[in-house]
Amino acid sequence: MPDPTAPLIPLSLTHLPTVGGLAVPWITPRAGDGRYLFGAIDAGRKDQALVGLLCGVCGRHLDERLVLLMRLSDLPRQCTAEPALHPSCLAYTACACPMIQGNLDHYRTVPHKLDPTMIPAADEAARCGAPAEPWFAVWLDGYTVITDHGTRAASYAGSRPRRIRPLIWGPLFSG
Ligand SMILES: [Zn+2]
């Protein structure tokens, strides 16, 4: 049943499946019973996106401008295991997040049961609910794939971000 309050899905995301009128991010794993596990990440697609410069939301190739979501505590290390996003895809995700819209219970009443190919999203708190620590959108021209704590990660060490903005509710990406 589509949610009439769901934000309009931009043309760039109409290829994605929808649940309740919301586009399901490309990186979201699907359980054996067909449910999409919002807030979790398909490990294979994560690596595919990091290495292939794909967007975690739409699954398409990133443009010259991309955004990484970073926790405050991750900023000094200048890397994250989360795939980068198109700025427009991040903006949609921020306003479409069911938790931000107050509909969390509609999606998740019990914790996810993840299989080994699925991992919790590092930015789940930023996308869905009051973050325990500040999150930032790091705008970049590109990144380097490194191995960090045994997992692939996107690093911008040695390059200068275009800008770093705190991720807050409201008009996130006006510029
Ligand atoms: Zn995208």
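Taken together, the values in this text are just the output of simple stated rules run on the coordinates, not laboratory data. None of these values were measured; they are calculated from a predicted model. Neighbour counts are summed over all protein chains in view; Cβ atoms, including those assigned to glycine, are modelled from backbone coordinates with ideal geometry.
Couple of notes before you dig in:
- For region 48-63, the Karplus equation 6.51 cos²θ - 1.76 cosθ + 1.60, evaluated at θ = phi - 60°, returns couplings of 4, 5, 4, 6, x, 6, 9, 7, x, 8, 9, x, 9, 5, 6, 8 Hz by residue, with Gly and Pro reported as x.
- For Val19, the amide hydrogen comes within under 5 Å of the amide hydrogens of Val24, counting only partners 5 or more places away or on other chains and with H modelled in the peptide plane.
- Among 59-68, 75-84, 8-17, sorting by the average number of other beta carbon atoms lying within 10 angstrom of each residue, highest first, gives 75-84, 59-68, 8-17.
- For Gly59, net neighbour charge (Lys/Arg +1, Asp/Glu -1) across residues whose Cβ lies under 11 Å away: +1
- By average C-beta atoms within 10 angstrom, highest first, the peptides 157-163, 25-31: 25-31, 157-163
- From phi via Karplus (6.51, -1.76, 1.60), per-residue ³J(HN,Hα) for region 134-141 in Hz, x at Gly/Pro: x, 10, 9, 9, 9, 8, 9, 8
- Restricted to Cα atoms, region 34-100 shows a radius of gyration and a Dmax of 12.3, 39 angstrom.
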